[in-house]
Amino acid sequence: MADESAATPRRDPIKNPVGNAAAQRRRQHAVSVGRERREAMFRTKRLCRVGVSSDMDVPIDSDMIIEEEQSILEAQTSSAVEELKLAVAFQGKGAVQRQVNALSELRRLLSRSEFPPVEIALRSGAIPLLAQSLSFGSQDEQLLEAAWCLTNIAAGKPEETRALLPALPLLIAHIGEKSSLPVAEQCAWALGNVAGEGEELRHILISQGALLPLAKMMLPNKGSTVRTAAWALSNLIKGPDPKAATELIKIDGVVDAILRHMRKSDDELATEIAWVVVYLSALSTIATSVLVKTDLLQLLIERLASSNSLQLLIPVLRSLGNLIAGDAYTTNAVLVVGHEITDNIIRALSKCLKSEHRVLKKEAAWVLSNIAAGSVAHKQLIYTSEASPLLLQLLSTSPFDIKKEVAYVVGNLCVAPAEGSGRSSLISDHLVSFVRSGCLRGFIDLVRSADIEAARLGLQFMELVLRGMPNGEGQQLVEKEDGIDAMERFQFHENEDLRNMANQLVDKYFGEDYGLDH
């Protein structure tokens, strides 16, 4: 995304206070979810140690080899691949069962170690054999074992995941409606791991037709299958190209399925569906405009209010934030001040601000900052709610990442939406109340930080204080909190925008005449 300062190099730094760029900042934050989630490997890639639900008798080892000698495990794996080669070539009586047994042994080895011997399996030639084992007309047990092996190979390193390329068309073919549910689900799991690896592989999967059959797997009311399909879809559409997200929302039945699962499913399935909503709303304006006109917001708010599952609340909060940031219809026509849904979301977000989990505090502040960037009525609603004192407390006591998000809420609550090209007007009673409650120090802490965005936000709020506090009180408070010193560190700063902002504030409010009347 283009650098904002590069696009408008002569921008008046005082002209655009806290609220004006909120929507763009929130869109950037929403898209960055993909990068954050990539670090959480349990979300992006999943090793399969326990088989998918089925009526088939697939033996599962309950013991994992955690500390077994790697050389022994590799030797066993090499032997298992050699046996699979012989089994695939064998044409005599019992050939099918021999191949299934060989696949089962390889799957067992790829499932039992904390670090599966994927590399040796690949060097021994496993992929062509596994692809051949996925041939049409094969028994379900054989298909399931082969797909399970490929699932765990795809959970490995990037180059190991890429090794699945020859098998992708067959994996995609077996998630079609003619496959049994266990086989389709295991193949979807393998494809989800591949999609989680990166943009290039996602593009390949989409070009080979993976999107539609995965979407159709998400439509029924079958928990395990729907859950796996939704997880794989969230990996497949997470961009940064929005095309897949836009295509997904247009598939017949997808919107109804999302609503049905969010309304009726358990927390585990709702979590996967919520991640699909995160990427739909982060990447596709078309998807966002469709979703905000349904009752999805109400369903998300109900989940937020009723669930204590951290795994669910995170994507629910992000979905809410994306939908509010991405479409003005949300705040103007859905979250109308005075309506029950609006009161409910503020109440639910306040609950998250009180949470002991820092991630919930941060995400809740992010959603509130989107609402606070709306109308004056929305700002007044938050200001008079229980969220207001919670925000002030977090601003003074929280770690930096939470403090920064909270600062956006407080800052946006103090400025009215800009009209035309003029400077945004202050909401004086909000500003005075917050500042006299001690919030200025938190913003000056941001000015002192190495984070450019946070420092800009801190300077913008200091400008509001200097401009808006009555009787020169702002200058005294800024000086008392060592704000002058904080601004002077930008005197020769390499960032021209911040340098100009800070120097103009110091010159305007603390120039030669400052202090003569005191």
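Here are some notes:
- Matching entry among GLU177, GLU105, GLU159, GLU145 (being open to solvent by 40 Å² or more (accessible area, probe 1.4 Å), of a type in the set (Asp, Glu) and under 30 Å from VAL226 (Cβ atoms)): GLU177
- Answer residue from region 125-142, given it is among the small types (Gly, Ala, Ser) and in a helix (DSSP H, G or I) and is surrounded by the fewest Cβ atoms within 10 Å (Cβ to Cβ) among those: ALA131
- All of LYS238, LYS222 fail the test of being modelled with pLDDT under 95 and touching a Gly at 6+ places or on another chain (Cβ under 6 Å), apart from LYS238.
- Test set (1) surrounded by fewer than 19 Cβ atoms within 10 Å (Cβ to Cβ); (2) within 36 Å of the chain's Cα centre (by Cα) - ALA95 fails condition number: (2)
- Condition met for GLU83 (open to solvent by 10 Å² or more (accessible area, probe 1.4 Å) and not polar (S, T, N, Q)): yes
- Boolean, LEU122 is in a helix (DSSP H, G or I), over 18 Å from ILE172 (Cβ atoms), touching a helix residue (DSSP H, G or I) at 6+ places or on another chain (Cβ under 8 Å) and open to solvent by less than 30 Å² (accessible area, probe 1.4 Å): no
- Selected residue (criterion: surrounded by the most Cβ atoms within 10 Å (Cβ to Cβ)) from residues of region 396-420 that are over 14 Å from ASP445 (Cβ atoms) and free of Cβ contacts under 8 Å to residues at least 24 places away in the same chain: GLU419
- Of all residues in region 80-103, none satisfies being free of Cβ contacts under 8 Å to residues at least 60 places away in the same chain, polar (S, T, N, Q) and closer than 26 Å to ALA195 by Cβ.
The values are calculated or read from the model by the stated rules, or taken from the named source; none is laboratory data. Note that the structure is a prediction, hence the values are computed from the model and not measured. Here the Cβ is made from the backbone with ideal geometry for all residues, glycine too, and neighbour counts use every protein chain on show. The accessibility values were calculated without ligands, DNA or RNA, using every heavy atom of the protein model including side chains. Shrake-Rupley method; radii C 1.70, N 1.55, O 1.52, S 1.80 Å.
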